[in-house]
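> Below are the structure tokens for one structure; questions will follow.
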Amino acid sequence: MSEVNIHPEFQKRMIHQLGKVDYQQFELALSEDSPTTIRLNPFKIENCPFEGKEIAWSQHGFSLEKRPAFTLDPLFHAGAYYVQEASSVFISEVLRQLQVPKGIFLDLAAAPGGKSTLLSTYLSQDGLLVANEVIQSRNQILKENLIKWGLGNSIVTQNDPAHFQDLEGFFDLVLIDAPCSGEGMFRKDLEARKEWSPDHVRLCAGRQQRILDQAGGLVKGGGYLIYSTCTFNEQENEEMIRFLTSEFAYESVRIELNPDWQIEESTVQTEEGTFFGYRFYPHRVEGEGFFISVLKRPEDAFSMEPKKKKDFKHQFLKLVDEKTCLSLDEELGFENSQYYLLNDSYFRFPEMWKTHLEQVIHSLNIRYFGTEIGKKQKTEWIPSHDWAVSILPKKGFSTQEISLEEALEFLRKNDQELNLKESGWVLLTFQNLPIGWVKNLGNRINNYYPKEWRIRNL
Ligand code: SAM
């Protein structure tokens, strides 16, 4: 594994940070295989589909005995679980301990979507997540992962943190999982080892400072900011907490740790008092390197509620009137929905978050929101794949359970003969979870799995 040498400056600093004996254990851990862990989607699956044990700090996280071929598991494509390293799943413990009120959350650096799917699960039908990723290609992956997760409670945006300036005091929680020098990924990601240098750390710290400067004011009074990195050095961690608290009013939050977890608490002395950070070292915990700190905005800090607009006007998006929304809900078996039309396709969005969506649309570059349901031609729906894998009901459609082999052929988008009982649109399921649509035309079956998501060459 370790063909790429560890930079001597990194080694020197880590020996200083850990002590000589502990450092040896740390370096040994870097030469070992990473544990494979997944987090279940509790809205789709109850039990872990593989042999493994629960991650200590997470109800839905599991550490697996061996690494399965995820690509060849239809449950993976159905959004039944997300492959996520264990340390970062600690955010679910933070939310649980603090009983963070559900509301509107922002994940500012969200791709590929590990933490966004976790936040989406936490918010469930009582909150809204804005998942933002500035890089186009990564934004696509984020969108795909949130669609597969299927809860329909998110908006995907593609913006630089500077573009959020109109949304000061708007969010109940902001997560900044910052781009960093990735020291905590050294065993998984040899590129991170290659790229590492003291200059690179300085460059990352400069970027993190800019992000925090732009995002520190987005949390509303009484809300939370979570800052995390997958790196060990103080410049990108403790120093950033010092910067944040010197620029914005924040209160300190302490998380209770079970000593068995072997997570290290670090205290950050600032002019405003003592703040706390938590470090995960790969030789102590069953996960990769990670740092997390939680801060609370004072209750009297500025808060902004979205303004109700009489008329919603948008270049591409059309609001569906209230009466039609009610009749669509009745027809589809959904509840409390606001629908919008985009290129003749219906998007379903939770009605209670409509004003927030309309506010966000005016400030940010929206890539996706809610759940795309599909087009309606006269009385027939052309259902979207997003609807298939969402947790919304599929009233009036027939479903058919298929075998593993059939499911894989479907996911490869290969032609195959399926012994379908019904004609027209059929929702295929694997182990009772929807994986996509086919249309049975009698003499032919059309496969509606999205081309760009198909399994290739396996
Ligand atoms: N939160 C993600 C997850 O759990 O799957 C991982 C996020 S990763 C550590 C950091 C992200 O920040 C990357 O997706 C990267 O593209 C994005 N990024 C890079 N430069 C950025 C910047 N200047 N502002 C905001 N995000 C940036």
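The values are calculated or read from the model by the stated rules, or taken from the named source; none is laboratory data. Predicted model, so just to flag it, every value in this text is computed and none were measured. With ideal geometry, Cβ positions are generated from the backbone for all residues, glycine too; neighbour counts draw on all protein chains shown. To get the accessible areas, we keep the full protein, side chains included, count just its heavy atoms, and leave off ligands, DNA and RNA. Shrake-Rupley method; radii C 1.70, N 1.55, O 1.52, S 1.80 Å.
> Mind listing whichever residues of region 288-319 are open to solvent by less than 10 Å² (accessible area, probe 1.4 Å) and of a type outside the set (S, T, N, Q)?
Residues satisfying the conditions are Glu288, Gly289, Phe290, Phe291, Ile292, Val294, Leu295.
> Let me ask another. Could you tell me which of the residues Ala111, Ala192, Ala162, Ala131 is out of contact with any strand residue (DSSP E or B) (no Cβ under 6 Å at 6 or more places or on another chain) and not in a helix (DSSP H, G or I)?
Criteria check complete, one pass: Ala111.
> So Ser124 clears everything in (1) among the small types (Gly, Ala, Ser); (2) away from the ligand (no atom under 12 Å from the Cβ); (3) under 18 Å from Val360 (Cβ atoms) except one condition, right? Which one?
The single condition Ser124 does not satisfy is (3).
> Determine if region 346-357 includes at least one residue that is in contact with a helix residue (DSSP H, G or I) (Cβ under 7 Å, 6 or more places away or on another chain) and farther than 30 Å from His77 by Cβ.
no
> If you check Val134, Val94, Val83, which single one turns out to be within 14 Å of the chain's Cα centre (by Cα), of a type in the set (A, V, I, L, M, F, W, C) and within 16 Å of the ligand (Cβ to nearest atom)?
Val83
> Would you check if there is a residue in region 450-457 being open to solvent by 40 Å² or more (accessible area, probe 1.4 Å), free of Cβ contacts under 8 Å to residues at least 40 places away in the same chain and either farther than 25 Å from Lys143 by Cα or in contact with a helix residue (DSSP H, G or I) (Cβ under 6 Å, 6 or more places away or on another chain) (or both)?
No, that holds for no residue.
> Oh, and also: Anything in region 217-243 that is open to solvent by less than 10 Å² (accessible area, probe 1.4 Å), touching a strand residue (DSSP E or B) at 6+ places or on another chain (Cβ under 7 Å), more than 12 Å from the ligand (Cβ to nearest atom) and not acidic (Asp, Glu)? List them, or say none.
Leu218, Val219, Gly223, Leu225, Phe232, Asn237, Met240, Ile241, listed by residue number.
> Just one of Phe90, Phe76, Phe26, Phe70 is among the aromatic types (Phe, Trp, Tyr) and open to solvent by 40 Å² or more (accessible area, probe 1.4 Å); which is it?
Of the residues listed, the single one that is among the aromatic types (Phe, Trp, Tyr) and open to solvent by 40 Å² or more (accessible area, probe 1.4 Å) is Phe76.
> For region 160-177: of the residues being within 18 Å of the chain's Cα centre (by Cα) and open to solvent by 10 Å² or more (accessible area, probe 1.4 Å), which is farthest from the ligand (Cβ to nearest atom)?
Asp172
> Then there's this: For the subset of region 165-181 comprising residues that are out of contact with any Ser or Thr (no Cβ under 6 Å at 6 or more places or on another chain) and part of a loop (DSSP other than H, G, I, E, B), which member is nearest to Ile15 (Cα to Cα)?
Per the stated criteria, the residue is Pro179.
> Let me ask you something else. Can you name every residue in region 40-54 that is in contact (Cβ under 8 Å) with a residue 12 or more places away in the chain, assigned to a loop (DSSP other than H, G, I, E, B) and not β-branched (Val, Ile, Thr)?
Asn41, Pro42, Phe43, Lys44, Cys48, Pro49, Phe50, Glu51
> Which ones in region 86-108 are in a helix (DSSP H, G or I) and over 23 Å from Cys180 (Cβ atoms)?
Arg96, Gln97, Leu98
> Which ones in region 138-156 are closer than 21 Å to Thr229 by Cα and either over 10 Å from the mean Cα position of the chain (by Cα) or away from the ligand (no atom under 14 Å from the Cβ) (or both)?
Listed by number, the residues that qualify are Arg138, Asn139, Ile141.
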